[in-house]
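Only the coordinates and a few stated rules stand behind these numbers; no lab work does. The structure displayed is predicted, hence computed values, not measured ones. Here the Cβ is made from the backbone with ideal geometry for all residues, glycine too, and neighbour counts use every protein chain on show.
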Amino acid sequence: MKRFSKAPEKRRLRKSKFYTEERKCSVLHGLYVPHDGMTGSVKKGAYDYCYACQVTQGGLSMREQYIINADIYVEGELQTGVLGIHEGTIRFYPAGCEIPADAEVIDGSRKKVVPGFIDIHTHGAVGVDVNGASADDFEKIGSFFAGNGTTAWLASILTDTSEQTGRCIGAYKEYRDSARSGAQLLGFHMEGPFLAAEYKGAMPEELLREGDIGLVERYQAMAEGAIRYITVSPEVAGVPDMIPELTARGIAVAIGHSGADYATAMDAIRRGARAVTHTGNAMRLLHQHEPAVWGAALESDAYCEVICDGRHLHPGTVRLIIKTKGIHRVVAITDSIMAAGLPDGNYHLGVNSVVVENGDAKLAATGVRAGSTLTQGAALKNLLEFTGLPLTDILPMLTENPAKLIGVYDRKGSIADGKDADLVLLNEKNEIADVFIGGTRWKGSLSQA
Ligand SMILES: [Zn+2]
Ligand SMILES: [Zn+2]
């Protein structure tokens, strides 16, 4: 408890330009540090936890921790050194640095310390579908994710009725306003409803609609700024004009579920779309006379989401995308559904019935593939296997790139002084051996099992 006996409030308040009197932590502390940082500006109520809640979630120790005897991923390289965890944030020290006598020393046993993974596109896991999730359900998903190396995530709302979408947003706010353990839910990715029927995938067609910035504004007001990311189809009426409006509101725009031609897709990117949703899936494919949305995805500088489960994309396609885009423009997502972490069987995704066989999720009605049962821990191993690239080249796709895309790189997505202590320790087989979230050691970590 020594951190708080030093009354950090004063120092914190000076440092935080976000401080306002009304913004007291809603849990039990009075430390006033809005855990925002997402948009670079604070809207009323747009925060997760005060600092103290962040470090005490899970009720674990607030002692300073030092990870020694580890290889630490800093500035794109594995470096020897010591990683300090102070007040939920990290600091990199040279090997052999002095460690305070009262600090907790963690022997890294030559494991690799890498940033926690960030999943910006997932519909659920362990029996929970995001669209129908309660506050406790969000925590359940986050707990499963934490054990698989994901320390922060966005919940993807599949196109649904406004009542159901509003209910989901309400559950998120309840989650946000209480101390929660597991991967941190940073807000929402909206997959729809401004999508093309022709490439709807698992979207209920009757709920798809033309571009309507007013609807997003209503949802965003309900969510108090928590909508960070949205997938739209650029060929849908009203969508091109929405793109600059969305980006101006701090919502990162992806194009996808789209049959757009090349010119339309490129125009959307010029207007501010920064990413492409599950590249190669649910989109018009590249043709030599009409490169279409996939061609625009590859040629432009947009981030490309990829689902690396070996089913959604052939390993050769994954290699092609990475070779074309480079390691700093690919984002490894799961697009996982409620069946992730569970055996084969019958599940649902939004309003759809889904059958999972051999881990492969398909719509019961049509056999169309409907999300994955992938985890980011498995995606890391697949990417290593598919590409033969070194770990240091693969990591940005799970960490830095998604953080930059959704605007949280100032505090997440890399190991740098002052950033959140969201960390994964990988063993020699690059399996998840230990996880820290906001400096708290995750109880589900394998090394402690
Ligand atoms: Zn999709
Ligand atoms: Zn999805």
Within region 160-240, list the GluC sites (Glu not before Pro) lying in a DSSP loop whose Cβ has at most 16 other Cβ atoms in a 10 Å radius. Glu210
For region 227-282: Kirkwood Rh in Å [reciprocal of mean 1/r, alpha carbons]: 10.9 Å
Can you sort Asp417, Asp434 so the residue with the fewest Cβ neighbours within 10 Å comes first? Asp417, Asp434
Could you give the spread of the C-alpha atoms of region 117-405 along their three principal axes, from largest to smallest, in whole angstroms? 50, 45, 37
Cα centroid of region 317-339 to Cα centroid of region 66-124, whole Å: 26 Å
The exposure ranking of Trp153, Trp442, Trp294, fewest beta-carbon neighbours within 10 Å first, is Trp294, Trp442, Trp153
Can you bin region 129-257 into rounded, prolate or oblate? Criterion: square roots of the alpha carbon gyration tensor eigenvalues sorted a ≥ b ≥ c, rounded for a/c under 1.5, prolate for a/b above b/c, oblate for the rest. prolate
Please list the radius of gyration and Dmax for region 106-161, considering alpha-carbon atoms only, with Å as the unit. 13.9, 50
Relative contact order of region 117-405 (C-alpha contacts under 8 Å, at least 6 apart) in percent is 19 percent
Show me the GluC sites (Glu not before Pro) within region 97-157 that DSSP assigns to loop and that have at most 16 other Cβ atoms within 10 Å of their Cβ. Glu98
What ranking do Val82, Val114, Val331 get, fewest neighbouring Cβ atoms within 10 angstrom at the top? Val82, Val114, Val331
Would you kindly calculate the translational diffusion coefficient of region 297-412, applying Stokes-Einstein with the Kirkwood radius from alpha carbon pairs, for 10 °C and a viscosity of 1.306 mPa s, and quote it in µm² s⁻¹ without decimals? 106 µm²/s
Please go through region 211-256 and write out the trypsin sites (Lys or Arg not before Pro) that DSSP classes as loop and that have at most 15 other C-beta atoms within 10 Å. Arg249
